[in-house]
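The values are calculated or read from the model by the stated rules, or taken from the named source; none is laboratory data. All values reported here derive from a predicted model rather than from experimental measurement. All Cβ positions, even for glycine, are placed from backbone atoms using ideal geometry, and neighbour counts span all protein chains on display. Quick note on the areas: whole protein, heavy atoms, side chains included, nothing else; ligands and nucleic acids left out. Shrake-Rupley method; radii C 1.70, N 1.55, O 1.52, S 1.80 Å.
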Amino acid sequence: MARVALVTGGTRGIGAAISRALKASGYKVAASYAGNDAAAEKFKAETGIAVYKWDVSSFDACVEGVKKVEAEVGPVDVLVNNAGITKDGAFHKMSPEQWNAVIGTNLGSLFNMSRQVIEGMRGRKFGRIINISSINGQKGQFGQVNYSAAKAGEIGFTKALALENAKAGVTVNAICPGYINTEMVQAVPKDVLEKAILPLIPIGRLGEPEEIARAVVFLAADEAGAITGSTLSVNGGQYMV
Ligand SMILES: NC(=O)c1ccc[n+]([C@@H]2O[C@H](COP(=O)([O-])OP(=O)(O)OC[C@H]3O[C@@H](n4cnc5c(N)ncnc54)[C@H](OP(=O)(O)O)[C@@H]3O)[C@@H](O)[C@H]2O)c1
């Protein structure tokens, strides 16, 4: 029986590449999204992957959303917590809204989503939870106190949850992408990208969403059962820990 994978924010950007790669590897995939119906419908038409709309920063919405996915696709074996947002600004000008939205969507969602699937995974003695953190959670980033805090929090969450569930056959890992060639990064002015960003990346180019997806497929495999609590950097050598 094919394993079931649920990818939050799985209809666009890195998440879409993860959803596609998991499907290509034989998983039954469900992809969630927040509100961009047009992108989700286009993704569904292209891939045949089921899409579901709810807000991962809401615990109650996650209860209902995961219930629907499990009823329609099956019990979740692999959860990829990928949904994320930025609301950048210098900390001395940051609003509570900027702080709460970024913490709630990037970090709160890990509790809201993982809590829905962990008991089932433990009961079935198999599970994979893969959290998409960021290089900026490892090293900090100017203008991103909220985002860096959330992404660093994801790494702590990963380690503690990995410890609690190691004996139950559930692994929990984090992936820290560097600069990835997505809409978010394509929006950076070309000269800023070429003069200020690319020189910092030893491989001399942006990462591709498919390279993050490759890491997810690796960690999701049955054969990856001894890898837990780890943080896998996929950043072209930009930051080594
Ligand atoms: N791009 C990079 O260079 C980079 C680098 C390091 C880490 N990351 C991390 O990688 C992940 C994916 O980034 P990306 O660049 O691919 O982002 P993206 O292109 O902006 O896509 C984000 C996805 O998350 C969904 N989403 C956002 N808020 C949500 C919410 N409250 N509830 C449910 N879904 C929500 C979006 O849904 P809609 O389509 O409905 O908006 C979309 O599907 C994020 O966690 C990000 O922090 C990205």
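The set of residues from segment 190-226 being open to solvent by 40 Å² or more (accessible area, probe 1.4 Å), assigned to a helix (DSSP H, G or I) and within 27 Å of A162 (Cα to Cα) comprises E210, E211, R214, F218, D222, E223. The residue that is nearest to the chain's Cα centre (by Cα), counting only those in segment 1-19 that are away from the ligand (no atom under 13 Å from the Cβ) and buried (at least 18 other Cβ atoms within 10 Å of the Cβ), is A5. Specify the residue that is nearest to G13 (Cα to Cα); the eligible residues are those in segment 85-112 that are small (G, A, S), touching a residue at least 24 places away in the same chain (Cβ under 8 Å) and in a loop (DSSP other than H, G, I, E, B). Applying the filter and picking the extreme gives G89.
Here are some conditions: (1) at pLDDT below 95; (2) within 29 Å of Y147 (Cβ to Cβ). M1 meets all but one. Which one does it not meet? For M1, the exception is condition (2). For segment 158-183, the set of residues classified as within 27 Å of G204 (Cβ to Cβ) and either crowded, with 16+ Cβ neighbours inside 10 Å or away from the ligand (no atom under 16 Å from the Cβ) (or both) consists of A174, I175, C176, P177, G178, Y179, I180, N181, T182, listed by residue number. Scanning segment 113-133 for residues that are open to solvent by less than 20 Å² (accessible area, probe 1.4 Å) and either charged (D, E, K, R) or free of Cβ contacts under 8 Å to residues at least 24 places away in the same chain (or both) yields a count of 1.
Filtered by the rule that a residue be more than 8 Å from the ligand (Cβ to nearest atom), touching a helix residue (DSSP H, G or I) at 6+ places or on another chain (Cβ under 9 Å) and of a type in the set (G, A, S), segment 31-57 gives G48, A50. Inspection of segment 39-55 finds a residue satisfying the criterion of being assigned to a loop (DSSP other than H, G, I, E, B) and within 15 Å of L110 (Cα to Cα).
Out of the residues in segment 58-81 that are small (G, A, S) and away from the ligand (no atom under 14 Å from the Cβ), which is surrounded by the fewest Cβ atoms within 10 Å (Cβ to Cβ)? Result: A71.
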